[in-house]
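The values are calculated or read from the model by the stated rules, or taken from the named source; none is laboratory data. Keep in mind that what you see is a predicted model, and the values were worked out from it rather than measured. Because the Cβ atoms are built from the backbone with ideal geometry, glycine has one as well, and the counts that use them run over all protein chains shown. Only protein heavy atoms, including side chains, enter the accessible area calculation; ligands, DNA and RNA are left aside. Shrake-Rupley method; radii C 1.70, N 1.55, O 1.52, S 1.80 Å.
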Amino acid sequence: MEHEHLEIRWHGRGGQGAITAAKIVAKATFESGYPGVAMVPTFGTERRGAPVFTSLKVSKTKIYDLSPISRPDIIVVLDHLLLEETDILHGLKPGGILVINTPKPLEAYNFDGTRLAVADVTAVSCRAGLPEGMVNAGIIGSFARATDFLDFALLIRNIEEEFQGRRASENAQAARLCYENTTVMGY
Amino acid sequence: MHIIESGNVAAALGVKLSRAQVIAAYPITPQTPLTEKLSEIVEAGELDAQYIPVESEHSALAVCIAASSAGARAFTATSANGLLYMHEQIHWAAGARLPIVMCVVNRGVGAPWTVWNDHQDSISQRDTGWIQIYVNDHQQIIDTVIKSFRLAEEVMIPIMVCYDGYLLSHTYMPFDVPEQDRVDAFLPPYKAPYALDPENPANLNTVTLPDIRFDAQGRLAHGYMEIRYLLQEDMRKALDAASSIERQFFEMFGRGGDAFFELYCCEDADYIAVSMGSLSYHLRDVADLLRASGIRVGVMSVHLYRPFPASMIAQALVHARRIIVFEKALSYGYEGALCSDIKSALFHHGHNQARPEVLGHVLGLGGREIRTEDLHEALKHSCTTPVAHPDEIGWIGLKI
């Protein structure tokens, strides 16, 4: 699906790989013909486990504004417990897409006016042969299924390149399995 | 080839393509990934350089001074308090006329501690005799590092390439990495006009008397003041050198084109916002918004801050009704340094002409978030409201 301008906010915990996941999607976006790509992590005094987020802005023209995203089109959450800790949904546009790594089913959530997608990325990634807690490749599979924004084969190739020498095939497999195991709600 | 990487990696690749021979650096946030990347590149044998780990920034620049004195192409990088810890050596490198290139990954200065971005660190080093260049995106980071080695070695003056901490250093965006053979054609190996050589012993930068005198060979030698006068003269001449090198780079790589500043929608502008670094690009979005509501706004991004291209800047601004300067630094007790410099440039330009009013805004200190809405409101207000107190600084995003 083509867009003029799209803003995707990624929420995770320090050490979870939200920035790497956003970087992989940034590269695939650029390769898909979007000259304007900026992935801007917001840095606090974080340590492992603390909530972190990064802003991925993509556009058909150059990105000049590097401030954090305040009105996202899409929000990706690498750990569902973050929903209880911070205002993850802040500014999400009406009809915006919310992708969550969670063991809970769709019915457990009630976010009015959002298109919700869930997958147990943590468990599925383990099934793909990754150690527990490595979810940043898997979440890209769920993102792809929920958004239909980028070519999935292109995302897989970028995952394999990013993780070259670091369980590349397991990471790619995690993304494939998460793609298949993501459930998406209508409006 | 286009890649998507962080600004720090863009800088490291620029240093690699420039074939730096000696790199000495001490890690400090947000510069750290740049030095880590360079040490990896050297360790992997991708760059034939000596990477010298040191125990402080003062030593980092001292090593570069020694290496450059021996005729090597030397590079270092730092931020904030690390830059200030170098301060004595920064003056020395300029006085000794060593063409060292240093990336300053701009960060606010303590106290209190901050690791986030503003420009107080490099602006406070304005008067050390270094060339200072501020860049706006990753393409400009990698290109400017390469151009800076060429310029520094042509005019024998060290250069700071300044880019925003986090906003550019840790942000990922696409940029083109030029091919090594094309960079080699643009930037030949460094040949020092004079260098330390055990076969030809010499004293460099010994105590220099106030007046001129005959040296040991019976030649009339400069006093301190002549040496410093020549630094000023060569700094002014560096304007032409920077311009010519920029033109050559543009012809070879098809990018850049103006060494002094970039203009956005300024031809018919009644109001021109002036800024440095990534903020000046952010202001382009705000200019678009204001133009859509009928206010003719333009933006100037100043690249070359020292030497200051005053007459060219004044020429580009003088037709506007009002100039609004946005700065992430402050000369405490007065106003932002860039604001003073812009006023001074306009004052000297065309004595009988009406001059635009100049307003100064300070924002983003210590990483305070700069929101488009706040910029929009401040710029709109500056364009549409009569100026009651032109000497008062406007603070944007202040919560007091």
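Sort out for me the Cα centre separation of the stretch B:23-49 from the stretch B:197-211, rounded to whole Å.
Going from one Cα centre to the other spans 32 Å.
For the stretch A:5-184, with every protein chain kept in place, what is the accessible area per residue (1.4 Å probe, Å²)? Numbers along the way, then the final one.
Values: 7090 Å² over 180 residues.
Computed with neighbouring chains in place, this is 39 Å² per residue.
If you filter the stretch A:111-187 for trypsin sites (Lys or Arg not before Pro), then keep DSSP loop positions with at most 11 other Cβ within 10 Å, what is left?
On the way: sites: A:R115, A:R127, A:R145, A:R157, A:R166, A:R167, A:R176; in loops: A:R166, A:R167.
Loop-located and lightly packed - A:R166.
List the relative contact order of chain A as a percent without decimals, with contacts defined as Cα pairs under 8 Å and 6+ residues apart. Please list the in-between numbers first.
Values: 415 pairs, mean separation 40.7, N = 187.
The normalised contact order for chain A reaches 22 percent.
Contour minus end-to-end for B:A202 and B:S243, with contour as 0.36 nm per residue of separation and end-to-end as the Cα-Cα distance? Spell out each step's value before the answer.
Values: separation 41, 0.36 × 41 = 14.76 nm, distance 3.44 nm.
Additional length available on full extension: 11.3 nm.
Once you order the gyration tensor axes a ≥ b ≥ c over the Cα atoms, which shape class does the stretch B:225-338 get: rounded for a/c under 1.5, otherwise prolate or oblate by comparing a/b with b/c?
Details: a/c = 2.24, a/b = 1.41, b/c = 1.59.
Since a/c reaches 1.5 but b/c is at least a/b, the shape of the stretch B:225-338 is classed as oblate.
Which loop trypsin sites (Lys or Arg not before Pro) in the stretch A:1-85, with loop taken from DSSP, have no more than 11 other Cβ atoms within 10 angstrom of their Cβ?
On the way: sites: A:R9, A:R13, A:K23, A:K27, A:R47, A:R48, A:K57, A:K60, A:K62; in loops: A:R47, A:R48, A:K60, A:K62.
The qualifying sites are A:R47, A:R48.
Would you please name the trypsin sites (Lys or Arg not before Pro) within the stretch B:168-227 that are DSSP coil residues with at most 16 other C-beta atoms within 10 Å of their C-beta? Please list the in-between numbers first.
Numbers: sites: B:R182, B:K191, B:R213, B:R219; in loops: B:K191, B:R219.
The qualifying sites are B:K191, B:R219.
Provide the FRET efficiency to the nearest 0.05 for the B:R228-A:L89 pair, computing r from the beta carbons and using R0 = 51 Å. Display every interim value, and only then the final one.
Details: r = 60 Å, r/R0 = 1.18.
My answer for the efficiency is 0.25.
With a Förster radius of 60 Å, plug the Cβ-Cβ distance of A:S169 and B:E154 into 1/(1 + (r/R0)^6) and report the FRET value to the nearest 0.05. Don't jump to the answer; show the numbers that get you there.
Details: r = 51 Å, r/R0 = 0.85.
Efficiency computed from Cβ-Cβ geometry: 0.75.
Using the Cα centre of the stretch B:102-245 as the reference point, and only Cβ charges (+1 on K/R, -1 on D/E), how large is the resulting charge dipole? Debye, rounded to the nearest 20. Walk me through the intermediate numbers first.
Values: 11 positive and 20 negative charges, 65 e Å.
Charge dipole, the stretch B:102-245, about its Cα centre: 320 debye, nearest 20.
Report, in whole Å, the centroid distance computed from the Cα atoms of the stretch B:246-294 and the stretch B:310-342.
So the separation of the two Cα centres works out to 15 Å.
Name the residues of the stretch B:160-199, by number, that are at least 10 Å² less accessible with every protein chain in place than in the isolated chain; the surface is that of heavy atoms, probe 1.4 Å, without ligands or nucleic acids.
By number: B:Y166, B:L167, B:H170, B:T171, B:Y172, B:M173, B:P174.
What percentage of the solvent-accessible surface of the stretch B:203-357, computed with a 1.4 Å probe over protein heavy atoms, is contributed by carbon and sulfur atoms? Before the final figure, lay out each step's value.
Working: 4070 of 7650 Å².
After summing per-atom areas, the C and S share lands at 53 percent.
In Å², nearest 100, what accessible area do chains B and A bury in total when the solvent probe is 1.4 Å?
Working: alone 18000 and 8750 Å², together 24940 Å².
Chains B and A together bury roughly 1800 Å² of accessible area.
Measure up B:K147/B:K237; B:K237/B:K328; A:K27/B:K37 against 22 Å on the Cα-Cα distance and list the ones that go over. Could the numbers behind the result be given before it?
On the way: B:K147/B:K237 16 Å; B:K237/B:K328 28 Å; A:K27/B:K37 20 Å.
Flagged as over cut-off: B:K237/B:K328.
If you roll a 1.4 angstrom probe over the protein chains with everything in place, what fraction of the accessible area of the stretch A:5-184 belongs to carbon and sulfur, to the nearest %? Write out the running numbers ahead of the final one.
On the way: 3470 of 7090 Å².
Of the solvent-accessible surface of the stretch A:5-184, carbon and sulfur hold 49 percent.
Nearest 20 debye, what's the magnitude of the dipole of the stretch A:22-102 about its Cα centre given +1 on Lys and Arg Cβ and -1 on Asp and Glu Cβ? Don't skip to the answer; put the middle values down first.
Values: 9 positive and 8 negative charges, 78 e Å.
Using only the charged Cβ atoms, the result is roughly 380 debye.
Where a Cα-Cα gap under 16 Å defines reach, which aspartates and glutamates qualify for A:K62, not counting those fewer than 8 residues away within the same chain?
A:E4, A:E7, A:E31, B:E5, B:D137, B:D176, B:E262, B:D285, B:D288
Answer rounded, prolate or oblate for chain B, using the Cα gyration tensor with square roots of eigenvalues a ≥ b ≥ c: rounded when a/c is under 1.5, else prolate when a/b is larger than b/c, else oblate.
Because a/c hits 1.5 or more and a/b exceeds b/c, chain B counts as prolate.
Can you tell me the dipole magnitude for the stretch B:2-186 around its Cα centre, using point charges on the Cβ only (Lys, Arg +1; Asp, Glu -1), in Debye to the nearest 20?
The calculation lands at about 340 debye.
Can you list residues from other chains, or at least 5 along the same chain, whose modelled amide H is less than 5 Å from the amide H of B:C266?
B:V299
In the stretch B:71-143, carbon and sulfur make up what percent of the accessible area (probe 1.4 Å)? Spell out each step's value before the answer.
Working: 1100 of 1810 Å².
Looking at the stretch B:71-143 in its full context, I get 61 percent from C and S.
Evaluate the relative contact order of chain B (contact order divided by residue number), counting alpha-carbon pairs under 8 angstrom at least 6 apart; express in whole percent.
Numbers: 800 pairs, mean separation 61.2, N = 400.
Answer for chain B is 15 percent.
Rolling a 1.4 Å sphere over the protein heavy atoms, what is the accessible area per residue of the stretch B:79-125, to the nearest Å²?
Details: 1450 Å² over 47 residues.
Averaged over the residues of the stretch B:79-125, the accessible area is 31 Å².
Pairs of Cα atoms under 8 Å, at least six residues apart: use those to get the relative contact order of the stretch B:261-396, whole percent. Walk me through the numbers before you get to the answer.
Numbers: 225 pairs, mean separation 34.3, N = 136.
It rounds to 25 percent for the stretch B:261-396.
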